Amino acid sequence: KAGVTQTPRYLIKTRGQQVTLSCSPISGHRSVSWYQQTPGQGLQFLFEYFSETQRNKGNFPGRFSGRQFSNSRSEMNVSTLELGDSALYLCASSFGVTPGANVLTFGAGSRLTVL
Amino acid sequence: GESVGLHLPTLSVQEGDNSIINCAYSNSASDYFIWYKQESGKGPQFIIDIRSNMDKRQGQRVTVLLNKTVKHLSLQIAATQPGDSAVYFCAELHNAGNMLTFGGGTRLMVKP
(Lines give C-alpha, C1' and ligand atoms only; values in the text may rest on other atoms or scores of the structure.)
Protein backbone atom coordinates (compact mmCIF):
# COMPACT_ATOMS: atom_id res chain seq x y z
CA LYS A 1 0.00 0.00 0.00
CA ALA A 2 1.12 3.57 -0.59
CA GLY A 3 2.97 5.27 2.22
CA VAL A 4 2.59 8.75 3.62
CA THR A 5 2.95 11.29 0.82
CA GLN A 6 4.15 14.81 1.43
CA THR A 7 4.21 17.65 -1.07
CA PRO A 8 6.16 19.58 -2.04
CA ARG A 9 9.41 17.83 -1.21
CA TYR A 10 11.49 20.98 -1.46
CA LEU A 11 10.62 24.65 -1.44
CA ILE A 12 12.31 27.97 -0.97
CA LYS A 13 10.56 31.01 0.46
CA THR A 14 11.61 34.43 1.67
CA ARG A 15 11.06 35.97 5.06
CA GLY A 16 7.55 37.27 5.61
CA GLN A 17 5.93 34.92 3.12
CA GLN A 18 3.63 32.09 4.07
CA VAL A 19 3.74 28.43 3.08
CA THR A 20 1.31 25.53 2.94
CA LEU A 21 2.49 21.93 3.12
CA SER A 22 0.35 18.93 2.30
CA CYS A 23 0.21 15.41 3.66
CA SER A 24 -1.74 12.40 2.39
CA PRO A 25 -1.83 9.66 5.04
CA ILE A 26 -1.86 5.94 4.50
CA SER A 27 -5.29 4.76 3.42
CA GLY A 28 -7.42 4.04 6.48
CA HIS A 29 -5.30 6.13 8.83
CA ARG A 30 -7.29 8.83 10.58
CA SER A 31 -4.57 10.45 12.68
CA VAL A 32 -2.06 12.83 11.13
CA SER A 33 0.76 14.39 13.13
CA TRP A 34 3.28 17.02 12.09
CA TYR A 35 6.86 17.36 13.32
CA GLN A 36 9.59 19.89 12.67
CA GLN A 37 13.17 18.64 12.34
CA THR A 38 16.17 20.96 12.58
CA PRO A 39 19.85 20.26 13.29
CA GLY A 40 19.71 22.37 16.43
CA GLN A 41 16.40 21.32 18.00
CA GLY A 42 15.98 17.84 16.58
CA LEU A 43 12.49 16.47 16.06
CA GLN A 44 9.74 18.50 17.69
CA PHE A 45 6.00 17.84 17.74
CA LEU A 46 3.84 20.49 16.11
CA PHE A 47 0.27 19.14 16.25
CA GLU A 48 -1.94 16.12 15.69
CA TYR A 49 -5.28 15.87 13.95
CA PHE A 50 -7.82 13.09 14.25
CA SER A 51 -11.14 13.08 12.44
CA GLU A 52 -10.70 16.72 11.41
CA THR A 53 -10.09 17.88 15.00
CA GLN A 54 -6.84 19.01 16.54
CA ARG A 55 -6.21 16.52 19.32
CA ASN A 56 -2.77 17.61 20.52
CA LYS A 57 -0.64 20.70 20.06
CA GLY A 58 3.05 21.28 20.65
CA ASN A 59 4.79 24.40 21.84
CA PHE A 60 4.97 26.43 18.65
CA PRO A 61 3.75 29.98 17.99
CA GLY A 62 0.40 30.68 16.43
CA ARG A 63 2.06 31.25 13.05
CA PHE A 64 2.01 27.49 12.74
CA SER A 65 -1.41 26.08 12.02
CA GLY A 66 -2.95 23.04 10.45
CA ARG A 67 -6.12 21.38 9.41
CA GLN A 68 -7.44 18.02 8.39
CA PHE A 69 -10.01 17.26 5.75
CA SER A 70 -12.76 14.66 5.76
CA ASN A 71 -10.59 12.30 3.68
CA SER A 72 -7.90 12.54 6.43
CA ARG A 73 -5.52 14.52 4.23
CA SER A 74 -3.87 17.30 6.18
CA GLU A 75 -2.22 20.62 5.52
CA MET A 76 -0.05 22.76 7.68
CA ASN A 77 0.54 26.44 7.19
CA VAL A 78 3.28 28.72 8.42
CA SER A 79 2.65 32.44 8.11
CA THR A 80 5.12 35.32 8.27
CA LEU A 81 8.07 33.04 7.71
CA GLU A 82 11.26 33.58 9.69
CA LEU A 83 14.77 32.31 8.93
CA GLY A 84 14.46 29.93 11.87
CA ASP A 85 11.53 28.18 10.23
CA SER A 86 13.94 26.55 7.80
CA ALA A 87 13.54 22.87 8.56
CA LEU A 88 12.38 19.48 7.42
CA TYR A 89 8.65 19.20 8.13
CA LEU A 90 7.55 15.63 8.66
CA CYS A 91 4.08 14.23 8.58
CA ALA A 92 3.17 10.94 10.25
CA SER A 93 -0.04 8.97 10.13
CA SER A 94 -1.58 6.20 12.19
CA PHE A 95 -4.96 4.59 12.78
CA GLY A 96 -5.05 6.69 15.92
CA VAL A 97 -8.23 5.20 17.34
CA THR A 98 -6.58 4.47 20.67
CA PRO A 99 -4.05 7.19 21.40
CA GLY A 100 -0.61 5.79 21.79
CA ALA A 101 -1.49 2.31 20.64
CA ASN A 102 -0.52 2.72 17.03
CA VAL A 103 2.77 3.02 15.26
CA LEU A 104 3.30 6.29 13.46
CA THR A 105 4.45 6.00 9.86
CA PHE A 106 6.39 8.99 8.60
CA GLY A 107 6.56 10.55 5.18
CA ALA A 108 9.81 11.68 3.56
CA GLY A 109 9.21 15.27 4.60
CA SER A 110 9.02 18.70 3.02
CA ARG A 111 12.27 20.62 3.22
CA LEU A 112 11.61 24.32 3.64
CA THR A 113 14.36 26.88 3.19
CA VAL A 114 13.63 30.47 4.20
CA LEU A 115 15.93 33.12 2.72
CA GLY B 1 22.94 13.85 1.76
CA GLU B 2 20.78 15.99 4.03
CA SER B 3 22.01 16.41 7.56
CA VAL B 4 19.61 15.60 10.33
CA GLY B 5 21.98 16.72 13.04
CA LEU B 6 25.32 18.46 12.84
CA HIS B 7 26.54 17.45 16.29
CA LEU B 8 25.06 14.04 16.84
CA PRO B 9 26.95 11.49 18.90
CA THR B 10 28.40 8.93 16.55
CA LEU B 11 28.88 5.22 16.99
CA SER B 12 31.27 3.59 14.56
CA VAL B 13 31.29 -0.19 14.32
CA GLN B 14 32.80 -2.84 12.11
CA GLU B 15 30.49 -4.77 9.81
CA GLY B 16 29.40 -7.95 11.54
CA ASP B 17 29.84 -6.60 15.06
CA ASN B 18 26.97 -5.92 17.41
CA SER B 19 25.88 -2.32 18.02
CA ILE B 20 24.35 -0.84 21.13
CA ILE B 21 22.68 2.57 20.98
CA ASN B 22 21.59 4.18 24.22
CA CYS B 23 18.94 6.70 25.09
CA ALA B 24 17.85 8.42 28.29
CA TYR B 25 14.23 9.46 28.43
CA SER B 26 12.72 12.18 30.52
CA ASN B 27 9.21 11.32 31.59
CA SER B 28 8.69 8.53 34.09
CA ALA B 29 5.00 8.52 33.12
CA SER B 30 5.74 7.55 29.52
CA ASP B 31 4.20 4.21 28.75
CA TYR B 32 5.34 3.48 25.21
CA PHE B 33 8.78 3.74 23.62
CA ILE B 34 9.80 3.47 20.00
CA TRP B 35 13.07 3.31 18.09
CA TYR B 36 13.22 4.93 14.68
CA LYS B 37 15.89 4.81 11.98
CA GLN B 38 16.38 7.75 9.66
CA GLU B 39 18.44 7.52 6.50
CA SER B 40 19.59 10.53 4.57
CA GLY B 41 16.76 12.13 2.64
CA LYS B 42 14.07 10.00 4.27
CA GLY B 43 11.66 10.24 7.12
CA PRO B 44 12.07 8.20 10.31
CA GLN B 45 11.30 4.52 9.87
CA PHE B 46 9.86 2.38 12.67
CA ILE B 47 12.24 -0.30 13.98
CA ILE B 48 10.80 -1.66 17.20
CA ASP B 49 8.68 -0.59 20.14
CA ILE B 50 8.20 -1.57 23.76
CA ARG B 51 5.57 -0.88 26.39
CA SER B 52 6.46 0.26 29.88
CA ASN B 53 5.25 -3.01 31.41
CA MET B 54 8.03 -4.87 29.58
CA ASP B 55 11.80 -4.74 30.00
CA LYS B 56 12.88 -6.49 26.81
CA ARG B 57 11.54 -7.07 23.36
CA GLN B 58 13.18 -8.77 20.41
CA GLY B 59 12.72 -8.34 16.71
CA GLN B 60 14.68 -9.46 13.72
CA ARG B 61 18.33 -8.68 14.54
CA VAL B 62 17.19 -5.97 16.97
CA THR B 63 16.48 -5.99 20.70
CA VAL B 64 15.18 -3.15 22.81
CA LEU B 65 15.87 -3.02 26.54
CA LEU B 66 13.98 -0.77 28.93
CA ASN B 67 15.21 0.13 32.40
CA LYS B 68 12.52 2.20 34.07
CA THR B 69 14.49 2.60 37.29
CA VAL B 70 17.08 4.80 35.58
CA LYS B 71 14.85 5.86 32.65
CA HIS B 72 17.12 4.27 30.09
CA LEU B 73 16.40 2.65 26.77
CA SER B 74 18.82 0.79 24.52
CA LEU B 75 18.73 -0.65 21.03
CA GLN B 76 20.92 -3.61 20.22
CA ILE B 77 21.58 -4.49 16.59
CA ALA B 78 23.11 -7.90 15.97
CA ALA B 79 25.57 -8.51 13.13
CA THR B 80 25.51 -4.88 12.01
CA GLN B 81 25.42 -4.39 8.25
CA PRO B 82 26.33 -1.39 6.05
CA GLY B 83 22.61 -0.86 5.43
CA ASP B 84 22.19 -0.17 9.13
CA SER B 85 24.14 3.08 8.75
CA ALA B 86 21.71 5.83 9.67
CA VAL B 87 20.64 8.11 12.51
CA TYR B 88 18.70 6.34 15.25
CA PHE B 89 16.16 8.08 17.45
CA CYS B 90 14.39 6.89 20.53
CA ALA B 91 10.96 8.34 21.20
CA GLU B 92 8.61 8.24 24.15
CA LEU B 93 4.88 8.57 24.05
CA HIS B 94 2.37 9.46 26.73
CA ASN B 95 -0.97 7.76 26.63
CA ALA B 96 -2.64 11.13 26.26
CA GLY B 97 -2.21 11.15 22.52
CA ASN B 98 0.04 10.47 19.57
CA MET B 99 2.58 13.07 20.62
CA LEU B 100 6.08 11.64 20.49
CA THR B 101 9.00 13.20 22.32
CA PHE B 102 12.20 12.34 20.49
CA GLY B 103 15.71 11.98 21.79
CA GLY B 104 18.54 13.80 20.09
CA GLY B 105 19.60 10.88 17.93
CA THR B 106 22.75 8.81 17.43
CA ARG B 107 24.53 8.41 14.12
CA LEU B 108 25.58 4.82 13.43
CA MET B 109 28.39 4.33 10.93
CA VAL B 110 29.21 0.81 9.80
CA LYS B 111 32.67 0.21 8.42
CA PRO B 112 32.92 -2.53 5.78
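Test of understanding: among A:3, A:40, which residue is over 12 Å from the mean Cα position of the chain (by Cα), without any contact (Cβ under 8 Å) to a residue 24 or more places away in the chain and either at negative phi or outside any strand (DSSP E or B) (or both)?
Result of the check over A:3, A:40: A:40.
When you check residue B:73 against the structure, is it over 18 Å from residue A:37 (Cβ atoms), without any contact (Cβ under 8 Å) to a residue 12 or more places away in the chain, within 14 Å of the chain's Cα centre (by Cα) and surrounded by 14 or more Cβ atoms within 10 Å (Cβ to Cβ), yes or no?
Spelling it out, it is not the case that residue B:73 is over 18 Å from residue A:37 (Cβ atoms), without any contact (Cβ under 8 Å) to a residue 12 or more places away in the chain, within 14 Å of the chain's Cα centre (by Cα) and surrounded by 14 or more Cβ atoms within 10 Å (Cβ to Cβ).
Specify the residue that is nearest to residue B:19 (Cα to Cα); the eligible residues are those in region B:37-51 that are surrounded by fewer than 16 Cβ atoms within 10 Å (Cβ to Cβ) and among the small types (Gly, Ala, Ser).
Filtering first and then ranking leaves B:40.
Is there a residue in region A:18-31 that is under 19 Å from residue B:45 (Cα atoms), without any contact (Cβ under 8 Å) to a residue 40 or more places away in the chain and among the aliphatic types (A, V, I, L, M)?
No, there is no match, as no residue in region A:18-31 is under 19 Å from residue B:45 (Cα atoms), without any contact (Cβ under 8 Å) to a residue 40 or more places away in the chain and among the aliphatic types (A, V, I, L, M).
So residue A:34 fits all but one of (1) of a type outside the set (Gly, Ala, Ser); (2) surrounded by 13 or more Cβ atoms within 10 Å (Cβ to Cβ); (3) farther than 22 Å from residue B:90 by Cβ; what number is the exception?
Exception for residue A:34: condition (3).
Could you check residue A:114 against (1) at pLDDT 95 or above; (2) more than 11 Å from the chain's Cα centre (by Cα); (3) crowded, with 20+ Cβ neighbours inside 10 Å and say which number it fails?
Against the list (1) at pLDDT 95 or above; (2) more than 11 Å from the chain's Cα centre (by Cα); (3) crowded, with 20+ Cβ neighbours inside 10 Å, residue A:114 comes up short only on (3).
For region B:42-51, state whether one or more residues are within 13 Å of the chain's Cα centre (by Cα), within 19 Å of residue A:87 (Cα to Cα) and either of a type outside the set (Lys, Arg) or at pLDDT 95 or above (or both).
Within region B:42-51, one or more residues are within 13 Å of the chain's Cα centre (by Cα), within 19 Å of residue A:87 (Cα to Cα) and either of a type outside the set (Lys, Arg) or at pLDDT 95 or above (or both).
From A:22, A:72, which residue is more than 10 Å from chain B (Cβ to nearest Cβ) and either at positive phi or assigned to a loop (DSSP other than H, G, I, E, B) (or both)?
A:72
State the number of residues belonging to region A:13-29 that are over 9 Å from residue A:93 (Cα atoms) and aliphatic (A, V, I, L, M).
2
Counting only residues that are more than 14 Å from chain B (Cβ to nearest Cβ) and of a type in the set (A, V, I, L, M, F, W, C), which one in region A:40-69 is nearest to residue A:113 (Cα to Cα)?
The selected residue is A:64.
From the list B:62, B:87, pick out the single residue that is buried (at least 17 other Cβ atoms within 10 Å of the Cβ), under 14 Å from the mean Cα position of the chain (by Cα), away from every other protein chain (no Cβ under 14 Å) and in contact (Cβ under 8 Å) with a residue 24 or more places away in the chain.
After applying the criteria, what remains is B:62.
The values are calculated or read from the model by the stated rules, or taken from the named source; none is laboratory data. Here the structure is a predicted model, which means the values were calculated and not measured. In this analysis, Cβ positions are derived from the backbone assuming ideal geometry, glycine residues included, and neighbour counts consider all displayed protein chains.
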